[in-house]
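Here the structure comes first, spelled out in structure tokens, and everything after it is commentary.
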Amino acid sequence: MGVALGDAPTGPLVRPYTMTRGRTRPSTGPRLDLVTIVVTARDLKERNREPEHEAIMRLCHRPISVAEISARLDIPLTVVRVLLGDLLADGDVRTRATMTQLPEKKVLQAVLDGIRRL
């Protein structure tokens, strides 16, 4: 347990690079924005995972945003993205884009062209 100088125990002190094994980005997978929604895709007890992965899996039993995972676990966003990348690669979680993401430029151009023809 980590202890702040002169204070009560504050919980385990784990450096972010330790949680990610030195990685700063997910190895593969979709871009994880702050508002990307994450939900578990498998049973929590299927296999052994790191404690941080387990904590994320417990939070994701209901759809939750990447930003909220970071805030609730008090883990830096960059670390959460790397850990989620691991879980995505293993098929443990799924993501879903939110409505705040903009459509592709081609789609917007097609809509604009259609309006102009009216």
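The values are calculated or read from the model by the stated rules, or taken from the named source; none is laboratory data. All values derive from a computational prediction rather than experimental measurement. Note that each Cβ is placed from the backbone with ideal geometry, even for glycine, and that neighbours are counted across all protein chains shown.
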Every listed condition ((1) in a helix (DSSP H, G or I); (2) at pLDDT 85 or above; (3) farther than 14 Å from I37 by Cβ) holds for V111 save (2)
Looking at R31 and the list (1) surrounded by fewer than 11 Cβ atoms within 10 Å (Cβ to Cβ); (2) at pLDDT below 70; (3) of a type outside the set (S, T, Y); (4) within 19 Å of T78 (Cα to Cα), which single condition is not satisfied? (2)
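Residue-wise test of (1) within 20 Å of R42 (Cβ to Cβ); (2) in a strand (DSSP E or B); (3) at pLDDT 90 or above.
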| residue | (1), (2), (3) |
| --- | --- |
| M57 | yes, no, yes |
| H61 | yes, no, yes |
| I69 | yes, no, yes |
| R72 | no, no, yes |
| T78 | no, no, no |
| D86 | yes, no, no |
| R94 | yes, yes, yes |
| T98 | no, no, no |
